[in-house]
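Chemist: Pasting a structure here, questions to come.
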Amino acid sequence: MPLERRQLLLNADQNEVVDLAQITEDPVILKALKLQLFNDYLHLVQPQPADLEQTRQDFMARPLSSWLAIKHQQLIFYVLAANQPPLALPINFTDLRYFLPADWGVTTPIAATSKQVALTFDDGPNPNTTPQVLRILAQAQIQATFFMVGTNVTAYPQLAKQVADAGHVIGNHTYDHPLLTSLGTTQVAQELALTDVAIYQATGKWPKIVRPPYGSINRVTAAIADRPLIQWTVDSEDWKSQNATTILNVIQQTTDPGAIILLHDIQPATVAALPNIISYLRLQGYQFVSIDDLIAQPLLSQWQYFGAGDQRG
């Protein structure tokens, strides 16, 4: 056994190596765990964009070692590949907080309140409006999720990188924003893969979540996406009204605890409404959290997430 794996600290008083089964024996949860780990793996292997999808397939097919190292508040996974030494993949505990057994006591999830919401923005990035949205979110200290269209990422890669560098999550919203359920399987796969590559080239990260355009999904397209599908609870219909007052009114009338709020960072009216949306929700006692913390459990491939407590397999 490598020295690194014999000198592992769970706490100051003991050395410990942990079996993977202590995290999960469920293959569905294990798959979700591997999706969570994949971006850290990319940082180590740094594949060419053309090899991104094959790299993902290979990683998902490879076993993680049956043993995990715990050291200095990190888990170290060992990824096994034929005719190669194990590849050590260190992960911060907090990145896996909803996968770890509660009795480990090694991390504390973000404190839950009875009133949490997640802000999401579709269809960008846009060079005129997205920077304004970023400034408003930064001033309010809010982390949001941006579901980006591949053509816009390709046109404005530095802007996509700016979103990622600001700490926001980027999801896949297809390359051309089609109705996925109207396409053949090859076209669906291409829409998603081209967007994955565009986001990876711009940010160095693979998008681990998908929002299907118009919320349209079926079993076939969900299987091709092969990752969590983020829907919404509140549709601001900002694209329809294009009016800041109307957008705010919709949010006021339809937002409940646990909501995922759908906005579009390509709409000037959304930019105008956003400070008032944030102020109103905070006055109502709402806390803005990430999708992960709103759902507060592992996000599973091919499941749809409409809000806290509303997940559909």
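The values are calculated or read from the model by the stated rules, or taken from the named source; none is laboratory data. Quantities reported herein were computed from a predicted structural model and do not represent experimental measurements. Note that we place each Cβ from the backbone using ideal geometry, even for glycine, and neighbour counts take in every protein chain shown. To get the accessible areas, we keep the full protein, side chains included, count just its heavy atoms, and leave off ligands, DNA and RNA. Shrake-Rupley method; radii C 1.70, N 1.55, O 1.52, S 1.80 Å.
Chemist: Using a 1.4 Å probe, what is the accessible area per residue for segment 183-313, in Å²?
Modeler: On the way: 5420 Å² over 131 residues.
Spelled out: the 1.4 Å probe surface of segment 183-313, per residue, equals 41 Å².
Chemist: Let me ask something additional. With the other protein chains left in place, how much accessible area per residue, in square angstrom, belongs to segment 28-175 at a 1.4 angstrom probe?
Modeler: Working: 6690 Å² over 148 residues.
Accessible surface, normalised per residue, equals 45 Å².
Chemist: Sort Asp122, Asp51, Asp226 by heavy-atom solvent-accessible area, probe 1.4 angstrom, most to least. Don't skip to the end; give the middle numbers.
Modeler: Values: Asp122 5, Asp51 75, Asp226 25 Å².
My answer, sorted largest first, is Asp51, Asp226, Asp122.
Chemist: Using a basic spin-label model with each label point 7 Å from the Cα along Cα→Cβ, how many nm lie between Asp176 and Arg312?
Modeler: 2.8 nm
Chemist: Now a separate question. Per residue, what volume in Å³ does the Cα convex hull of segment 118-182 take up? Each step should come with its number before you reach the end.
Modeler: Values: hull volume 4.9 nm³, N = 65.
For segment 118-182, the hull spanned by Cα atoms encloses 75 Å³ per residue.
Chemist: State which entries of Lys34/Lys208; Lys208/Lys240; Lys34/Lys205; Lys161/Lys205; Lys31/Lys161 exceed 18 angstrom in Cα-Cα distance in the structure shown.
Modeler: On the way: Lys34/Lys208 10 Å; Lys208/Lys240 29 Å; Lys34/Lys205 15 Å; Lys161/Lys205 10 Å; Lys31/Lys161 27 Å.
With Cα atoms farther than 18 Å apart: Lys208/Lys240; Lys31/Lys161.
Chemist: Quick one: pull the percent of accessible area on the chain belonging to carbon and sulfur, 1.4 Å probe, ligands and nucleic acids left out. Spell out each step's value before the answer.
Modeler: Values: 7050 of 14380 Å².
Carbon and sulfur: 49 percent of the exposed surface of the chain.
Chemist: Continuing with this model, one more query. Got a number for the accessible area of Lys240? Probe 1.4 Å, square angstrom, nearest 10.
Modeler: Approximately 130 Å² of Lys240 is accessible to the 1.4 Å probe.
Chemist: Find, to one decimal place in angstroms, the Kirkwood hydrodynamic radius of segment 201-313, where the mean of 1/r is taken over every pair of different Cα atoms and then inverted. Write down the numbers at each step before the final one.
Modeler: Values: mean 1/r = 0.0655 Å⁻¹.
The answer is 15.3 Å.
Chemist: To the nearest 10 degrees, how steep is helix 185-203 against the longest Cα principal axis of the chain, on a 0 to 90 scale?
Modeler: Taking the Cα atoms of the chain, the angle to 185-203 is about 80 degrees.
Chemist: Quick check: with the 1.4 Å probe, what order do Trp239, Trp303, Trp206 take by accessible area, largest first?
Modeler: Values: Trp239 130, Trp303 90, Trp206 5 Å².
My answer, sorted largest first, is Trp239, Trp303, Trp206.
Chemist: Sum -39500 (n - 2.57) across every DSSP H segment of at least 4 residues in the chain, then divide by the residue count to get the 222 nm mean residue ellipticity, nearest 500. Mind showing how you got there, number by number?
Modeler: Details: 12 runs with 121 residues, N = 313.
Mean residue ellipticity, 222 nm, calculated: -11500 deg cm²/dmol.
Chemist: Given R₀ = 45 Å, what would the calculated FRET efficiency be for Met60 paired with Thr245, taking r from the Cβ atoms and rounding to 0.05? If you can, show how the numbers build up before the last one.
Modeler: Values: r = 47 Å, r/R0 = 1.04.
So, using R0 = 45 Å, E works out to roughly 0.45.
Chemist: What angle do you read, to the nearest 10 degrees and between 0 and 90, between the alpha-carbon axis of helix 130-140 and the longest principal axis of the chain?
Modeler: 70 degrees
Chemist: List every residue whose amide H lies under 5 Å from the amide H of Gly171, counting only residues 5 or more places away in sequence or on a different chain, with H placed 1.01 Å from N in the peptide plane.
Modeler: Sorted by chain and number, the residues that satisfy this are Phe146, Phe147, Met148.
Chemist: Please report the antiparallel percentage of DSSP beta bridges with both residues in the chain, rounded to the nearest 5. All intermediate terms of the calculation are to be shown ahead of the outcome.
Modeler: Values: 19 of 40 bridges.
About 50 percent, rounded to the nearest 5.
Chemist: Which length gain, in nm to one decimal place, applies between Ala21 and Arg282 when the Cα-Cα distance is subtracted from 0.36 nm times their residue separation? Write out the running numbers ahead of the final one.
Modeler: Working: separation 261, 0.36 × 261 = 93.96 nm, distance 4.12 nm.
Contour length minus Cα-Cα distance gives 89.8 nm.
Chemist: Per-residue HN-Hα couplings for segment 281-289, Karplus 6.51 cos²θ - 1.76 cosθ + 1.60 at θ = phi - 60°, whole Hz, x for Gly and Pro?
Modeler: 5, 5, 5, 7, x, 7, 10, 8, 9
Chemist: Just the number, please: Stokes-Einstein D of the chain in µm²/s, Kirkwood Rh from C-alpha pairs, 20 °C, 1.002 mPa s. Could you put the intermediate results ahead of the total?
Modeler: Details: Rh = 20.5 Å.
Translational diffusion coefficient: 104 µm²/s.
Chemist: Measure off 7 Å from each Cα along the Cα-to-Cβ vector at Phe93 and Gln253, then give the distance between these two points in nanometres to one decimal.
Modeler: Spacing of the two 7 Å Cα→Cβ label points: 4.7 nm.
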